[in-house]
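Asker: Have a look at the structure that comes next, please.
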Amino acid sequence: MAAPLSLLLVVAVTIRAALNRSSLAELIAERVEVVSPITAWKRVIEGLALLDLGVSPYSGDVFHETPLIIYLFHFLVDYAEITFMLADVITAVALYVAMKDFNKQVFRKQKFSLEAERYPADCLELIRSPTEMFYIPLKVAMFYLLNPFTILSCVAKSTCGLNNAVLSLFVLTTIKGNVLLSAIFLCLATYQSIYPLTLCAPAMLYLMQHQYVPVNPRRAAFWWFVVQYLFMYLGSLFVIVCLSFFLLGSWDFLPSVYGFILSVPDLTPNIGLFWYFFAEMFEHFRLFFLCVFQINVFFYTVPLCIKLKDQPVFLMFMQLAVISIFKSYPTVGDTALYLAFLPVWSHLHRFLRNIFLVSCVLLACSALFPVLWHLWIYAGSANSNFYYAITLLFNVAQILLVSDYFYAFLRREHHLTAGLYLKKKDGSEATLVLK
C-alpha cells in the first residue's frame, strides 16, 4: 500500500502547487466559505506585521489566532505554501495509519465473535471481509487529500489545515493507545479552537477499552483513569497557555482568541449558522441565544457517549461532525475532515436512507455558494437572505447525512445481535423503527 499512498501524495501536492501558482489563489483566499475571521491568512500576515513593529497583534480587532500560530509563522512565513501542503500530507498519513490499525482491531474483534458464535446465522452477510477492509485506509487518505474543500483550504492558506493536522494526530495517537500523546494533541486542538474539548470523552472511552479498564462509573479503576487522563490533558493545556503568555508578555490573547470564538462579535458571512441569526438579533436577546447556540456544540456529547460507549471511534466521527456543523466560525476545511471518515463506514451503505438526496444537496450547495455570493455582493440582484438560505440548506444536509449514518450504524449493530430478518410473534416480517 506504500506505492499507491506515495502516488496519491504526489498527485495531491502537485494539484496544490499548481493552484498556488495560478491566478485563482488570490480569489480562493478571499472566499468566505474557505476562510473565516479566525483562519484567514490575510489576518495572520497583518498580525505578523504588528508583531514585527513591536505592537501586540491582539491590540486591534484583526488577528484572532493563537500565539503559537503567529510565532510559528514568524519563522516560516516564507515557506507558508510548503507548511500548509505538509499539514495536509501529515493529516492524510496520520488518518491512513490510524484507520489501518483500527481495521486490524475491528477484524480481530469480528473474528473472535465469529469463533464464539455470537452472531445470528442470518446476519453473516453483514460481516466485513478482509478484501473489503484492505483499501479503506487508502480511501480515507484519498477522501481527504483530493476533496475540493481540502484543496481550497490549502491554497487559501487557511489555518484550519493546521487544526486538522493536530486533530488527525490526536486520532492516530488515541487509536495507537498512547495516553500521553493523545492528551497532548487533544490539548493542542482545544488550545486552537475550544470545541475539540468534546473529543475528550471518546478518547477516554477508547483508551479504557484499549487498556481493559472497565467502562463502569461504579469502579474505582474507571475514575482513576479519568483523573489520570484529565491531569495530563489539563496539565498540557496549562503549560501551553503559560508558554503563550511568556511569548507574548500579556494575557491579551485570551479575550482576542477564546472570547472572540465564544462571543461571535464578527458577523462576516460564512457557511455557519451564527452570522445571519445574530445580525438580525435584538441586542437584549443576544446573550441568551449566544449561550444556546454555543451550548449546542457540547450538548450532544453526553447522550452520544451513553449510546456509543462501546464504539468510541464512531463517537469520535460524530463529535467531529457536530463540531464542524455547529461551531461559530466554520469553514469547508472543517467539513472535509469528518467527510474523510466516510469510507470507514462504507459497510453501512445498505442501511442508509437518504444518501443520494443528501449528496446531491451538498454538491448543489457547494456550487451555489459563489453564485449567490456574487448575486448579493457584486450584482446587487439578491440579498443576504439568499446566501443564508443556501448555508442553512448546506447545514441541514450535513445534519441529515450524520443522522443517516447514526441510524445505519445503530441498525447494523441491532441486526448483529437480533438477526437480519426480524419476525413478529405471528411469523410475519417485522419492521425496525428507531425511536
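Asker: On the basis of being open to solvent by less than 50 Å² (accessible area, probe 1.4 Å), under 30 Å from Pro265 (Cα atoms) and without any contact (Cβ under 8 Å) to a residue 60 or more places away in the chain, does Gly60 make the cut? Even if it seems obvious, please write down each step before you answer.
Answerer: Details: open to solvent by less than 50 Å² (accessible area, probe 1.4 Å): yes; under 30 Å from Pro265 (Cα atoms): yes; without any contact (Cβ under 8 Å) to a residue 60 or more places away in the chain: yes.
So Gly60 passes the test.
Asker: For Ser158, are the conditions met, namely being hydroxyl-bearing (Ser, Thr, Tyr) and assigned to a helix (DSSP H, G or I)?
Answerer: Numbers: hydroxyl-bearing (Ser, Thr, Tyr): yes; assigned to a helix (DSSP H, G or I): no.
Judged against the criteria, Ser158 is not a match.
Asker: Can I ask one more? Report yes if some residue within region 175-185 is outside any helix (DSSP H, G or I) and either closer than 28 Å to Val35 by Cβ or among the β-branched types (Val, Ile, Thr) (or both); otherwise report no. Explain how you work it out, then say what you get.
Answerer: Just the residues of region 175-185 that are outside any helix (DSSP H, G or I), to begin with: 177-178.
Filter once more, so that each one left must be either closer than 28 Å to Val35 by Cβ or among the β-branched types (Val, Ile, Thr) (or both): none.
Checked against the condition, which is being outside any helix (DSSP H, G or I) and either closer than 28 Å to Val35 by Cβ or among the β-branched types (Val, Ile, Thr) (or both), region 175-185 yields no hits at all.
Asker: Can you confirm whether region 237-247 contains a residue that is in the same structural domain as Tyr195 (by the TED database) and not in a helix (DSSP H, G or I)? Working first, answer last.
Answerer: Residues of region 237-247 that are in the same structural domain as Tyr195 (by the TED database), as a first pass: 237-247.
Cutting the leftovers down to not in a helix (DSSP H, G or I) gives us none.
No - not one qualifying residue is present in region 237-247.
Asker: Scan Leu352, Leu348 and give me the residue that is open to solvent by less than 10 Å² (accessible area, probe 1.4 Å), at pLDDT below 95, hydrophobic (A, V, I, L, M, F, W, C) and under 25 Å from Ala141 (Cβ atoms).
Answerer: Leu348
Asker: Find the residue count for region 142-173, including only residues that are among the aromatic types (Phe, Trp, Tyr), open to solvent by 20 Å² or more (accessible area, probe 1.4 Å) and within 26 Å of Ala2 (Cβ to Cβ).
Answerer: Filtering region 142-173 for residues among the aromatic types (Phe, Trp, Tyr) gives 143-144, 149, 170.
Adding the requirement that they be open to solvent by 20 Å² or more (accessible area, probe 1.4 Å) leaves 143, 149.
Then keep just the ones that are within 26 Å of Ala2 (Cβ to Cβ); that gives 143.
So the count comes out to 1.
Asker: While we're on this one: Looking at (1) closer than 30 Å to Leu19 by Cα; (2) polar (S, T, N, Q); (3) in contact with a Pro (Cβ under 7 Å, 6 or more places away or on another chain), which is the only condition Thr159 fails?
Answerer: The failed condition is (3).
Asker: For region 117-128: of the residues being open to solvent by 50 Å² or more (accessible area, probe 1.4 Å) and outside any helix (DSSP H, G or I), which is modelled with the lowest pLDDT? I'd like the intermediate steps shown before the answer.
Answerer: From region 117-128, those open to solvent by 50 Å² or more (accessible area, probe 1.4 Å) are 117-119, 121-122, 124-125; that's our starting set.
Filter once more, so that each one left must be outside any helix (DSSP H, G or I): 117-119.
Details: Glu117: 69, Arg118: 73, Tyr119: 73.
For region 117-128, the residue satisfying everything is Glu117.
Asker: Then there's this: Quick check: anything in region 210-231 within 27 Å of Pro57 (Cα to Cα) and part of a helix (DSSP H, G or I)?
Answerer: Checked against the condition, which is being within 27 Å of Pro57 (Cα to Cα) and part of a helix (DSSP H, G or I), region 210-231 yields no hits at all.
Asker: Kindly provide the set of residues from region 355-388 that are surrounded by 15 or more Cβ atoms within 10 Å (Cβ to Cβ) and either under 18 Å from Tyr276 (Cβ atoms) or more than 24 Å from the chain's Cα centre (by Cα) (or both), ordered by number. Break it down into steps so the answer makes sense when it comes.
Answerer: Let us first name the residues in region 355-388 that are surrounded by 15 or more Cβ atoms within 10 Å (Cβ to Cβ), namely 355, 358, 361-362, 365-366, 368-369, 372-373, 375-376, 382, 384, 386-388.
Answer for region 355-388, where residues must be surrounded by 15 or more Cβ atoms within 10 Å (Cβ to Cβ) and either under 18 Å from Tyr276 (Cβ atoms) or more than 24 Å from the chain's Cα centre (by Cα) (or both): Cys365, Leu368, Phe369, Leu372, Trp373, Leu375, Trp376, Ala382, Ser384, Phe386, Tyr387, Tyr388.
Asker: May I ask you to list the residues in region 319-336 that are open to solvent by less than 10 Å² (accessible area, probe 1.4 Å) and aliphatic (A, V, I, L, M)?
Answerer: Ala321, Ile325, Val332, Ala336, listed by residue number.
Asker: Quick check on region 260-271. Is at least one of its residues in contact (Cβ under 8 Å) with a residue 12 or more places away in the chain and on the phi > 0 side of the Ramachandran plot?
Answerer: The answer is yes, given that some residue of region 260-271 is in contact (Cβ under 8 Å) with a residue 12 or more places away in the chain and on the phi > 0 side of the Ramachandran plot.
The values are calculated or read from the model by the stated rules, or taken from the named source; none is laboratory data. Note that the structure is a prediction, hence the values are computed from the model and not measured. Note that each Cβ is placed from the backbone with ideal geometry, even for glycine, and that neighbours are counted across all protein chains shown. All accessible areas refer to the heavy atoms of the entire protein, side chains included, with ligands and DNA or RNA removed. Shrake-Rupley method; radii C 1.70, N 1.55, O 1.52, S 1.80 Å.
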